[in-house]
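Below: the structure, in structure tokens.
The values are calculated or read from the model by the stated rules, or taken from the named source; none is laboratory data. As the structure is a computational prediction, the values presented were derived from the model and not from experiment. When we count neighbours, we look across all protein chains shown, and the Cβ atoms used for this are built from the backbone with ideal geometry, even at glycine.
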Amino acid sequence: MVASRRDPEAAPYRILTAAAEEPGIEARLLCGAGGQAPPPGMRLFQPFPDGSFLAEAEPGFDATDVTQRDADLLRRLGTWLDDWAPQIVHLHDIAPFGLEFIGLLRRHLPAAPILLSLRPELAARLGLTGPARGFLEQAPLRRFLAETTLLLPCESLLPACLEFGLDPARLLVHPPLPRLLPDCPLPPLGRFLVVAAYPAHAAERALLAATEALLARFPGAPLLQIADPAATPRHAALEGAHLLLLPDPEGADAESLARLALALGRPVVCAGRGPLARQVQPGRDGWHVPMNATALADLLLGLAEAPEQVSAMAGTILPPPSPAEGAAALFALYREALADPVRIAPPERI
């Protein structure tokens with residue numbers, strides 16, 4: 001596994017921890033140190049007892065650079081790959097070691113399948129969901145993406161990948177390893193209802209502003225709290241809420257937000273279309289409603305008059321997969337990739 005940082009809360013580290021309990025799997029985690037200001041005294045490939053390694057980039061190297069200027073780092077990376085010779089590589093980022101790392105993988109591991117977890121943030125940074133920039137302007141990365149099996153955390157990323165011309169057979173919708181979440185009971189219903197909303201575009205913000213204006217006309221109406229996921233810790237916002245309102249059914253991050261809300265026992269209000277409509281089952285996980293201010297205000301006012309509907313819906317939400325179940329599914333995917341020669345990229349193409 002290759003990640004951009006060594007963080008015990010991040011998915012790569014949690015996978016490494018789960019692999020230590022899985023018979024027949026040996027995993028190692030390679031992380032990049034911060035290139036702008038490496039910690040004093042940090043050396044290349046500093047190993048840790050848990051099987052993780054920290055590689056220091058050349059001072060001044062930034063994740064947006066296209067090339068890795070530290071030839072010695074690349075040489076040490078190649079030696080590390082030769083010594084360990086992993087059967088499969090799972091990338092969680094591409095940037096830390098520069099564009100040269102892509103060719104390095106293929107030269108040293110010509111038969112190893114490569115998986116890349118394409119988070120919405122990474123898709124945007126690479127240019128898949130926006131203007132091409134940085135790595136994506138380079139032809140080698142285009143070839144690399146075409147030969148890599150991409151693990152998409154949400155269905156909403158599929159159209160962008162297909163529009164880019166990637167092979168549908170190499171696009172797998174596979175939720176990330178779930179976290180172990182604490183019990184999080186609904187807040188008291190006396191204050192009544194806090195709705196945490198995550199608008200992504202101006203149209204959704206205008207919709208929520210219009211809904212908020214309609215609700216303000218009624219005494220005892222629910223409070224509509226509009227939160228920005230880029231600025232607000234998701235857990236904190238959802239733990240204080242009774243519902244999650246997702247106005248954008250096609251948002252790149254809407255499905256992961258809905259998954260987190262349901263894992264915390266919070267029903268979801270969304271439009272009855274798109275990937276969210278398949279993830280959120282009406283009558284079990286939340287409500288489908290037309291995304292206009294009148295329909296939203298009617299639903300929320302109705303819930304304000306009968307708040308027991310919210311707690312009843314929360315009680316029907318199915319429990320999320322445990323971290324152990326998520327790890328088992330991921331390791332099964334590793335074994336499937338190893339057994340499927342179609343997922344092995346021809347090294348001569350890079």
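Observations
- Candidate set: the range 256-286, residues that are buried (at least 17 other Cβ atoms within 10 Å of the Cβ) and of a type in the set (S, T, N, Q); chosen: the one nearest to the chain's Cα centre (by Cα): 256
- Filtered residues of the range 301-320 (kept if touching a residue at least 60 places away in the same chain (Cβ under 8 Å) and either touching a Pro at 6+ places or on another chain (Cβ under 8 Å) or among the aromatic types (Phe, Trp, Tyr) (or both)): 301, 303, 304, 310, 314, 320
- With respect to being surrounded by fewer than 22 Cβ atoms within 10 Å (Cβ to Cβ), without any contact (Cβ under 8 Å) to a residue 24 or more places away in the chain and not hydroxyl-bearing (Ser, Thr, Tyr), residue 289 fits the description.
- Checking 27, 95 one by one, the residue that is assigned by TED's automatic domain parsing to the domain that holds residue 120, at pLDDT 85 or above and small (Gly, Ala, Ser) is 27 and no other.
Yes/no matrix, rows are residues, columns are (1) at pLDDT 85 or above; (2) basic (Lys, Arg); (3) closer than 21 Å to residue 67 by Cβ:
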{"residue": "102", "(1), (2), (3)": "no, no, yes"}
{"residue": "107", "(1), (2), (3)": "yes, yes, yes"}
{"residue": "115", "(1), (2), (3)": "yes, no, no"}
{"residue": "124", "(1), (2), (3)": "no, no, no"}
{"residue": "135", "(1), (2), (3)": "no, no, yes"}
{"residue": "139", "(1), (2), (3)": "no, no, yes"}
{"residue": "145", "(1), (2), (3)": "no, no, yes"}
{"residue": "148", "(1), (2), (3)": "yes, no, yes"}
{"residue": "155", "(1), (2), (3)": "yes, no, no"}
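- Scan of the range 292-304 for residues that are under 29 Å from the mean Cα position of the chain (by Cα) and either crowded, with 20+ Cβ neighbours inside 10 Å or aliphatic (A, V, I, L, M) (or both), ordered by number: 296
So that you can scan it fast, the table gives a plain yes or no per residue for (1) in contact with a Phe, Trp or Tyr (Cβ under 9 Å, 6 or more places away or on another chain); (2) modelled with pLDDT of 90 or more:
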| site | (1), (2) |
| --- | --- |
| 298 | no, yes |
| 306 | no, no |
| 313 | yes, yes |
| 319 | no, no |
| 326 | no, yes |
| 335 | no, yes |
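- Residues that are over 17 Å from residue 257 (Cβ atoms) and either surrounded by fewer than 13 Cβ atoms within 10 Å (Cβ to Cβ) or at pLDDT 85 or above (or both) within the range 178-206 comprise 180, 182, 183, 185, 186, 188, 190, 191, 202, 203, 206, listed in sequence order.
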